[in-house]
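In what follows, a single structure is set out as structure tokens and then discussed.
The values are calculated or read from the model by the stated rules, or taken from the named source; none is laboratory data. This one's a predicted model, so the numbers in the text were calculated from it and none came from an experiment. Glycine gets a Cβ as well: all are built from the backbone with ideal geometry, and neighbour counts include every protein chain shown. The protein model used for the area step is the full one, side chains on, heavy atoms only, and it has no ligands, DNA or RNA in it. Shrake-Rupley method; radii C 1.70, N 1.55, O 1.52, S 1.80 Å.
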Amino acid sequence: MTSPSSSISLTRYLIEEQRAGRINADLRLLIEVVARACKSISIAVGKGALGGVLGDALSAGEASINVQGEAQKKLDVLSNEILLEANAWGGHLAGLASEEMDTSHPIPDVYPRGNYLLLFDPLDGSSNIDVNISVGTIFSVLRCPDGVTRAQDEHFLQPGSAQVAAGYCTYGPSTMLVLTVGHGTHSFTLDREVGGFVMTTRGMTIPEETREFAVNMSNQRFWEAPMQRYVGDLLAGREGPRGKDFNMRWVASMVADVHRILTRGGIFSYPLDSKCAAKGGKLRLMYEANPMAFLVEQAGGAASTGRERMMDVAPTGLHQRVPVFLGSRREVEAAVEYHRAHDAAA
Ligand code: AHM
Ligand code: MG
């Protein structure tokens, strides 16, 4: 990891990537527009109760429910609108898809269309909004298949390995954008006085080994056998088969948990459990697991469903859910090995 590069703005980094032939002008514009939308979301999140943005979104007097069957917060809806509005007119997109919308969103006819598809979770970690704990925006960029100008849901169903860019913005004590265009993972911190993102880490690197795990332990009794065994061995510490003591952290905002892991290592897991098994898992492949997997792999880490490399999963639905294991490479490999051994014995 190199030291902070205070003079490199996000704009300069993107222009240099364009000059190096690693991104084109449309992708540069797209990322700049997403970053600008994230700044607006950061301002709304930062106002908290003073901005009147906390609490549940209402629709006809009732709690508004999204396609996931989850109650929407006012900030979920507002963040979705900010991203949609910001990205509709630029001419770089053929379509958008969001956690908060049942189907993909075409670019309005009044605007030109481009070659990219943008997917996002506008405000991840919604359960933390009302308690002033970090939340974030996650996004993934794909190429629209050749010859398609009006993207439908099916055109978004590409594996994570097809992503051309991915990132998240964390709204914590500071607002940070973490980005990959396939050449390393870099972090940018929002300079609130200037109003721009400034590179603070070029080439984030996740340590291969870790002594820290992140999982919602309250689901333990619902997990599959290999997960029970894996975490049981972590908890057994120095006296157990792993031979070392582990620490645990769980923010319940994936963006915040992954940001910690990109910064100092660790393994993040939201495994299959009997409550979410029918849905395939809790977290969504297309706009949560895949972009995080791209960022983590670009930082030297690994991401898996426990049985398959995350970015190799062939998607079947826009809102498809998957089990998630990601972070320090050796630890992800260890978790995968517990699943492999279990499946082989079965
Ligand atoms: P959301 O997109 O509705 O906010 O849900 C995703 C979040 C993740 O950020 C986090 O890792 C997980 O759900 C927390 O789940 P739980 O409350 O079961 O611990
Ligand atoms: Mg989410």
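Under 10 Å, Cα contacts only: if you run a Gaussian network model on the chain, which one of HIS92, HIS183, HIS259 comes out with the highest mean-square fluctuation?
Of HIS92, HIS183, HIS259, the Gaussian network model singles out HIS183 as fluctuating most.
Taking 7 Å along the Cα-to-C-beta vector as the label spot, tell me the ILE133-ASP312 distance in nanometres, rounded to one decimal.
Once both label points are built, they end up 3.5 nm from each other.
Determine the order of HIS339, HIS155 by accessible area, beginning with the largest, at a probe radius of 1.4 Å.
Values: HIS339 5, HIS155 35 Å².
Per-residue accessible area, sorted high to low, gives HIS155, HIS339.
Tilt of helix 10-19 relative to the longest C-alpha principal axis of the chain, in degrees (0 to 90, nearest 10)?
90
ASN247 to ARG264: extension gain in nm, 0.36 nm per residue of separation minus the Cα-Cα distance? Walk me through the numbers on the way to the answer.
Details: separation 17, 0.36 × 17 = 6.12 nm, distance 1.27 nm.
Length difference between fully extended and current span is 4.8 nm.
Any idea what the relative contact order of the chain is, in percent, if you count C-alpha pairs under 8 Å spaced at least 6 apart?
16
Dipole magnitude of region 212-345 about its Cα centre, charges +1 at Lys/Arg Cβ and -1 at Asp/Glu Cβ only, in debye to the nearest 20?
Details: 18 positive and 15 negative charges, 46 e Å.
The calculated dipole for region 212-345 is roughly 220 debye.
Taking Cα atoms, how many degrees apart are the long axis of helix 74-88 and the longest axis of the chain, rounded to 10 and kept between 0 and 90?
The two axes meet at around 50 degrees.
Could you work out the relative contact order of region 212-345? I mean the mean sequence separation of Cα pairs under 8 Å and 6+ apart, divided by the number of residues, in percent. The partial results should precede the final answer.
On the way: 218 pairs, mean separation 35.8, N = 134.
Once divided by the residue count of region 212-345, the mean separation gives 27 percent.
What do you get for the angle between helix 25-47 and the principal long axis of the chain? Use alpha-carbon atoms, 0 to 90 degrees, nearest ten.
80
Could you tell me the relative contact order of region 1-159? Use alpha-carbon pairs under 8 Å, at least six residues apart, and round to a whole percent.
Working: 233 pairs, mean separation 26.7, N = 159.
Reported as a whole number, the value is 17 percent.
Take GLU154 and ARG330, extend 7 Å from each Cα along the Cα→Cβ direction, and tell me the distance between the two endpoints in nm.
It works out to 4.7 nm between the two label points.
Go through LEU30, THR201, TYR270 and say which Cα lies farthest out towards the positive end of the charge dipole of the chain; charges sit on Cβ, +1 for Lys and Arg, -1 for Asp and Glu.
Projecting each Cα onto the dipole axis, the largest value belongs to THR201.
Mind checking the full-extension length gain between ASP191 and ALA49? Use 0.36 nm per residue of separation minus the Cα-Cα distance, one decimal, nm. Kindly include the intermediate steps, with their values, before the conclusion.
Working: separation 142, 0.36 × 142 = 51.12 nm, distance 2.29 nm.
Value of the extension gain: 48.8 nm.
Round to a whole number: what % of the accessible area of region 202-244 belongs to carbon and sulfur, probe 1.4 Å? Write down the numbers at each step before the final one.
Details: 1010 of 2170 Å².
Solvent-exposed carbon and sulfur of region 202-244 make up 47 percent of the total.
May I have the count of lysine pairs in the chain with C-alpha atoms under 24 Å apart, counting pairs 8 or more residues apart or located on different chains?
Going through the chain pair by pair, I get 9.
Based on the alpha-carbon gyration tensor of region 10-201 and its eigenvalue square roots a ≥ b ≥ c, which shape applies: rounded if a/c is under 1.5, prolate if not and a/b is larger than b/c, or oblate? Please report the intermediate quantities before stating the final value.
Values: a/c = 1.96, a/b = 1.18, b/c = 1.66.
Verdict is oblate for region 10-201.
Give, rounded to the nearest 20 debye, the magnitude of the charge dipole that the chain has about its Cα centre when Lys and Arg contribute +1 at Cβ and Asp and Glu contribute -1 at Cβ.
Details: 33 positive and 39 negative charges, 139 e Å.
Roughly 660 debye, rounded to the nearest 20.
Which one, ALA86, ALA57, ILE133, is farthest towards the positive end of the dipole of region 10-201 when Lys and Arg carry +1 and Asp and Glu -1 on their Cβ?
ALA86
Using a 1.4 angstrom probe and counting only protein chains, how large is the accessible area of ASP26 in Å², to 10?
60
Per residue, how much accessible area does the chain have with a 1.4 Å probe, in Å²?
Details: 14320 Å² over 346 residues.
Per-residue accessible area for the chain comes out at 41 Å².
By residue number, which cysteines of the chain lack any other Cys whose Cβ falls under 4.7 Å from their Cβ?
CYS144, CYS276
Work out, step by step, the length gained on full extension between ALA341 and ASN216: first 0.36 nm times the residue separation, then minus their alpha carbon distance; give nm to one decimal. If you can, show how the numbers build up before the last one.
Values: separation 125, 0.36 × 125 = 45.00 nm, distance 2.33 nm.
Contour length minus the Cα-Cα distance gives 42.7 nm.
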